[in-house]
Structures are given as C-alpha cells and as structure tokens.
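Encoded as structure tokens, the structure appears first; notes follow it.
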Amino acid sequence: MTMTPRLRKFVLTAHITSSVGWLGAVVVYLALAVAALTSQDAQMVHAAWIAMELIGWFVIVPLALASLLIGIVQSLSTPWGLFRHYWVLVKLLLTVFATIILLLHMPTVSYFAGIAAEAIDANFDGLGGELLHAGGGLLVLLVNTTLSVYKPRGMTPYGRKQNEQRTASPAVDAAT
Amino acid sequence: MSQTHARPDHGSTASIPRWVKVFGIVALVLVLVFIVLHLADPGRHGPGRHITSIEHFAQLP
C-alpha cells in the first residue's frame, strides 16, 4: 500500500492522537474508579459509575478502535510493515488484546452504571475489578508508547525473508 | 506511532532479540499469575465476579 507523504503524515497524526487520547482517557477512568473506591459519599460513587460508563463507551472504545485500525493502515503504508519488526508486532498484539478485554468488560460497567442510576442506596463490590482492568490497560498503553518511541531492533523471520528477497532482486523492488 | 520518522534497520540481529525474550517471559508470568489467581478465587474476577454482583444486587430491596 503506497501513500503520498502528505497523506502518510495525516495518518500518523491521527494514529498518535487516537493512541495518546486513549491513554489519557484511561487515566481519567482510573481516577474515577479510585475516587469511587475511596469515597464515603454514596452520590459520588454513583456519579463515578455513570461517568465511567459514558467515558468507556463514548471515548475509550472509539479511540481504541481508531488507534487499532489507523495503526494497521499506517504500518502497511510504511517500510516498517505490520509483521516485519518485533516492536510493531508486539504493539499490534497488545492493542488487539487490550481492545478485546475492553469490549468484553464494558457491558459489566454498563450493568453497574444502570444499577447506580436506579438505586442510590445500592452497594458496589465491583470497583476492585475496575482498578485491575483500568490499571492493566494503562500499563499496556504505556508499553505501546515506549515501543513506539524507542523502536527496539529486531526483525521477525518474515521480515528477514522479505528483506533477503528485496536485496536479491533490487530491480523488482524498485519497480514496485 | 511515529513510524515514518525513523527508517527500519534492515541490518538488525538475525536471532530473536533479548528484549523480545524478556518481554515474552514477563507476559507469560503475568498470564500465569492471572490464571492462578482466577483459579484460586474464581469469584473475584471474570464472569464469576459478575454473577456474584448480579446476585448481590438482586437481593437488594
């Protein structure tokens, strides 16, 4: 897949924006979960659950999907590729894993938010799990950010094979 | 992120880099810890936790 430099720059900007936005939204989600866990105020706990549901569905999920899809498109349009370098492959696996966990967990958040909206005197025993999910997600996103900046060396067997083929036939490579 | 700023180094190591091995071991340990914790107390995490919570709320007046 080839892109003009201008389009490639635009896609890169969109990928950074969605990825960093996702990270920031998870920090906010974590702050709400901690506030709900430590607060003695029932209204604060209920408001936090409702806010967590809104942030989850309308900010975190769209940003996660955007980051994943834009990242795939971007990697296929650069010499880095999607499966050629270990750091790109690890990022892909971590992002897919985090997105799947997020999508599986959000119905539970919606359930508790629904309870919060209906019964002000309900007790919540799911906040420990929220810290685990949000904390794990934050860790994954920090690892991804670090990999993106440092780009540690190492080509996959697939990448090495492609590289050898390209070196063996430079005329074909130049034509493509 | 920022994949277009630096060019790939095609002359990189032929074997699996050390950072990938370390990363894989850490990931494996985390997965094992998760499984052990889950098996040790299935009610604290996963679907079991959710069922417990639903039962808890169902008992509320």
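In the range A:32-49, is there at least one residue being closer than 28 Å to B:F23 by Cα and of a type outside the set (A, V, I, L, M)? Within the range A:32-49, not a single residue is closer than 28 Å to B:F23 by Cα and of a type outside the set (A, V, I, L, M). When you check A:A66 against the structure, is it within 14 Å of chain B (Cβ to nearest Cβ) and at pLDDT below 90, yes or no? Answer is no for this residue.
Do we have A:V149 as part of a helix (DSSP H, G or I), surrounded by fewer than 15 Cβ atoms within 10 Å (Cβ to Cβ) and of a type in the set (V, I, T) here? Judged against the criteria, A:V149 is a match.
Within the range A:10-45, being aromatic (F, W, Y) and either more than 14 Å from chain B (Cβ to nearest Cβ) or free of Cβ contacts under 8 Å to residues at least 12 places away in the same chain (or both) holds for A:F10, A:Y29.
The values are calculated or read from the model by the stated rules, or taken from the named source; none is laboratory data. Because the structure is predicted, anything quoted here is derived from the model rather than measured. Positions of Cβ are backbone-derived with ideal geometry, glycine not excepted, and every protein chain shown enters the neighbour counts.
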